[in-house]
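All remarks here apply to the structure that follows.
The values are calculated or read from the model by the stated rules, or taken from the named source; none is laboratory data. Being a predicted model, the structure only gives us computed values, none of them experimental. Every residue, glycine as well, gets a Cβ built from its backbone with ideal geometry; the counts of neighbours run over all protein chains shown.
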Amino acid sequence: MGLFNWKKKEEFVSPMTGILHPMEEVPDPVFAEKLMGDGFAVELTEGDVKAPVSGVIAAAFPTGHAFGIKTKEGMEVLLHIGVDTVNLQGKGFDVKVKEGDAVKQGDLLVKVDIDYVKSQGKSIYSPVIFTGGQKIDLLKTGAVTAGDGQIIKIG
């Protein structure tokens, strides 16, 4: 009958701990105007950035500031840690994965030294972008912990 083979579809969870904001509040027009896609942002209060879904690391920037994950269903998510953080050239980022790695939901992708990033004058608003054109509805704003579900509805 296959009753025990049934798997619930994985729910998208917050990849970061902090304050969840609508994308329009990101202090960068490329993100705020959703030019790369719809999504949301987390203003970091803790430095661990984790996989919000299981998949493959489709992109891992050498600077550690951004990661793309592609799920087996084909959904693509870009995690961009901070704004203009590419200019830090990897300082403040302890990267734990590389392009091509398989990750499970909750796996640690990078540890971010939030104090260092802020000391360099960079925003810690961290956009989470759905680059495949999905529409995102926020189900909550405010405090969120990495691993929290029911934060968005993917349309």
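Out of all the residues in segment 52-66, which are closer than 16 Å to Val13 by Cα and surrounded by 24 or more Cβ atoms within 10 Å (Cβ to Cβ)?
Of everything in segment 52-66, just one residue is closer than 16 Å to Val13 by Cα and surrounded by 24 or more Cβ atoms within 10 Å (Cβ to Cβ), namely Pro52.
Give me the pairs: first residue in segment 1-21 and more than 17 Å from Val77 (Cα to Cα) and among the aliphatic types (A, V, I, L, M), second residue modelled with pLDDT of 75 or more and in a loop (DSSP other than H, G, I, E, B), beta-carbon distance under 9 Å, and six or more apart or on different chains, which are they?
Taking only residues 6 or more apart or on different chains, the pairs are Ile19/Thr45; Ile19/Thr141.
A quick yes/no check of all residues on (1) in contact with a Ser or Thr (Cβ under 8 Å, 6 or more places away or on another chain); (2) in contact (Cβ under 8 Å) with a residue 40 or more places away in the chain:
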site	(1), (2)
Gly55	yes, yes
Phe61	no, no
Asp84	yes, yes
Phe93	yes, no
Leu108	no, yes
Asp113	no, yes
Ala146	yes, yes
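From Glu25, Glu11, which residue is at pLDDT 95 or above, under 23 Å from Leu139 (Cα atoms) and more than 13 Å from the chain's Cα centre (by Cα)?
Matching residue, one of Glu25, Glu11: Glu25.
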